[in-house]
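Colleague: Right, I'll just put the structure down here and ask away after.
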Amino acid sequence: MGATLDALQRLQEIETQLRSVREQIESKRRSVQTHKRRLVSLERQITEVHDLIRKAQAEADRLELQRKTQEEHITRLREMLNRARTNKEYAAILTQLNTDKASTLKLEDAVLSALGRVDGLKKQEADLRASLQKDQARAGEVAQSAAELDARLSQELTGLELQRQEAAGSIPPEALNMFERACERHEGEAMAAVEQVHPKRAEYTCGGCNMSVPLETINALQSRDVVRPCETCLRILYLDTTAGVPVL
């Protein structure tokens, strides 16, 4: 291969390292953001459950007050029953008393159900608060780890960026533009080795997209310092003896 392709391969090596370092940093930052969103979600759930507890407790208190009122009414009916003067009056009071007792039993069940809901919601809130506490600790660890990684890799990142600038400076503008476009198109993988389909046949493919590469392109790469993109994926092609293509 010629000097231009050699320079492009060097640029590709630096680009790959750069993207690896950036991805490590971004991955940690995404993790920090994920934990922050988790904390916000837990805090929102706790607020919602706490509001449900307040409403459920208010409903339980209302039912309990209604039950007590009903009990007081039953007490008065018993007193009236003891003072009844006629059988008819006694029967009417007794009927009302039995009806109110049945209503009171239903109210007692409703109170117990409401209190059970309050207890269930309180347990849910306690579980959420425990999860929040654990996640807060974990989020702190992740944030600290991200900060340490950022500090450790920032110098390496700066060095690689300088190396990339220097490497790019030795490449002709047209070839560099081709490289940058391929980088953007393929997430940093701007170059692809030419691969020989069969060792005994002059059939070649692009190592990036596996599409056919014309023999004319192979001859040009073997004989001249040229930059040829794959006609399909637009990666810059180069010859690699390990892929079965001889480099003249």
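The values are calculated or read from the model by the stated rules, or taken from the named source; none is laboratory data. Note that this is a predicted model, so its numbers are computed, not measured. Using ideal geometry, Cβ is built from the backbone for each residue, glycine included, and neighbour counts are taken over all protein chains shown.
Colleague: Hey, can you tell me all the residues within the stretch 73-105 that are closer than 26 Å to Leu63 by Cα, touching a residue at least 12 places away in the same chain (Cβ under 8 Å) and of a type outside the set (D, E, K, R)? Working first, answer last.
Modeller: Here is the first cut: in the stretch 73-105, the ones closer than 26 Å to Leu63 by Cα are 73-80, 93-105.
Okay, now just the ones that are also touching a residue at least 12 places away in the same chain (Cβ under 8 Å), so 73-74, 77-78, 80, 93-94, 96-97, 100-101, 103-104.
Result: His73, Ile74, Leu77, Met80, Ile93, Leu94, Gln96, Leu97, Ser103, Thr104.
Colleague: Any residue at all in the stretch 4-19 that's closer than 30 Å to Glu166 by Cα, assigned to a helix (DSSP H, G or I) and of a type in the set (Ser, Thr, Tyr)?
Modeller: Step one: of the stretch 4-19, the residues closer than 30 Å to Glu166 by Cα are 4-19.
Right, trim to assigned to a helix (DSSP H, G or I) and you get 4-19.
Those left that are additionally of a type in the set (Ser, Thr, Tyr): 4, 16.
Scanning the stretch 4-19 turns up at least one residue that is closer than 30 Å to Glu166 by Cα, assigned to a helix (DSSP H, G or I) and of a type in the set (Ser, Thr, Tyr).
Colleague: Shifting gears a bit: May I ask you to list the residues in the stretch 1-60 that are farther than 30 Å from Glu180 by Cβ and acidic (Asp, Glu)?
Modeller: Glu43, Glu48, Asp51, Glu59 - these are the residues of the stretch 1-60 that are farther than 30 Å from Glu180 by Cβ and acidic (Asp, Glu).
Colleague: Here is a further query. I need a count of the residues in the stretch 168-211 that are over 18 Å from Leu8 (Cα atoms) and either among the aromatic types (Phe, Trp, Tyr) or part of a strand (DSSP E or B) (or both). Walk me through it before giving the result.
Modeller: Taking the stretch 168-211 as the starting set, the residues that turn out to be over 18 Å from Leu8 (Cα atoms) are 195-205, 209-211.
Filter again for either among the aromatic types (Phe, Trp, Tyr) or part of a strand (DSSP E or B) (or both), leaving 195-198, 201-205.
Residues in the stretch 168-211 being over 18 Å from Leu8 (Cα atoms) and either among the aromatic types (Phe, Trp, Tyr) or part of a strand (DSSP E or B) (or both): 9 in total.
Colleague: Among Arg201, Arg224, which is the only one that is outside the structural domain of Thr16 (by TED's automatic domain parsing), farther than 27 Å from Arg22 by Cα and without any contact (Cβ under 8 Å) to a residue 12 or more places away in the chain? Even if it seems obvious, please write down each step before you answer.
Modeller: Values: Arg224 fails: without any contact (Cβ under 8 Å) to a residue 12 or more places away in the chain.
Every option except Arg201 fails the conditions.
Colleague: Tell me which residues, restricted to the stretch 170-189, are within 15 Å of Val227 (Cα to Cα) and either aromatic (Phe, Trp, Tyr) or in contact with a Gly (Cβ under 7 Å, 6 or more places away or on another chain) (or both).
Modeller: The answer is Phe179, and nothing else.
Colleague: Then there's this: Give the stretch 156-209 a look and list any residue that's more than 30 Å from Ile25 (Cα to Cα) and either surrounded by 12 or more Cβ atoms within 10 Å (Cβ to Cβ) or touching a helix residue (DSSP H, G or I) at 6+ places or on another chain (Cβ under 9 Å) (or both), or say none. Write out each step before concluding.
Modeller: Let us first name the residues in the stretch 156-209 that are more than 30 Å from Ile25 (Cα to Cα), namely 172-174, 194-206.
The answer is Pro172, Val194, Glu195, Gln196, Val197, Ala202, Glu203, Tyr204, Thr205, Cys206.
Colleague: If you don't mind, there's one more thing I want to ask. Tell me, please, whether a residue that is under 30 Å from Asp225 (Cα atoms), of a type in the set (Asp, Glu) and free of Cβ contacts under 8 Å to residues at least 12 places away in the same chain can be found in the stretch 148-169. Let's see the steps before the verdict.
Modeller: If we filter the stretch 148-169 for residues that are under 30 Å from Asp225 (Cα atoms), which is where we start, we get 159-169.
Next, from what is left, pick out any that are of a type in the set (Asp, Glu): 161, 166.
After this cut, where a residue has to be free of Cβ contacts under 8 Å to residues at least 12 places away in the same chain as well, the list is 166.
Yes, because at least one residue in the stretch 148-169 is under 30 Å from Asp225 (Cα atoms), of a type in the set (Asp, Glu) and free of Cβ contacts under 8 Å to residues at least 12 places away in the same chain.
Colleague: If we keep just the residues of the stretch 71-92 that are among the basic types (Lys, Arg) and either within 60 Å of the chain's Cα centre (by Cα) or in a helix (DSSP H, G or I) (or both), which is surrounded by the fewest Cβ atoms within 10 Å (Cβ to Cβ)? Let's see the steps before the verdict.
Modeller: The first filter runs over the stretch 71-92 and keeps only residues among the basic types (Lys, Arg), leaving 76, 78, 83, 85, 88.
Filter once more, so that each one left must be either within 60 Å of the chain's Cα centre (by Cα) or in a helix (DSSP H, G or I) (or both): 76, 78, 88.
On the way: Arg76: 12, Arg78: 13, Lys88: 9.
Among those residues, the one meeting the criterion is Lys88.
Colleague: Okay, moving on. Kindly evaluate Ser145 against the criterion of being in the same structural domain as Glu59 (by TED's automatic domain parsing), within 22 Å of Gln17 (Cα to Cα), exposed (fewer than 15 other Cβ atoms within 10 Å of the Cβ) and not acidic (Asp, Glu).
Modeller: On the way: in the same structural domain as Glu59 (by TED's automatic domain parsing): yes; within 22 Å of Gln17 (Cα to Cα): yes; exposed (fewer than 15 other Cβ atoms within 10 Å of the Cβ): yes; not acidic (Asp, Glu): yes.
Considered against the rule, which asks whether it is in the same structural domain as Glu59 (by TED's automatic domain parsing), within 22 Å of Gln17 (Cα to Cα), exposed (fewer than 15 other Cβ atoms within 10 Å of the Cβ) and not acidic (Asp, Glu), Ser145 comes out as yes.
Colleague: Taking the stretch 107-137 on its own, how many of its residues are without any contact (Cβ under 8 Å) to a residue 40 or more places away in the chain and either closer than 18 Å to Ala58 by Cβ or outside the structural domain of Thr47 (by TED's automatic domain parsing) (or both)? Lay out the reasoning, then the answer.
Modeller: Taking the stretch 107-137 first, the residues without any contact (Cβ under 8 Å) to a residue 40 or more places away in the chain are 109, 112-113, 116, 119-120, 123, 126-127, 130, 133-134, 137.
Okay, now just the ones that are also either closer than 18 Å to Ala58 by Cβ or outside the structural domain of Thr47 (by TED's automatic domain parsing) (or both), so 112-113, 116, 119-120.
Here the count works out to 5.
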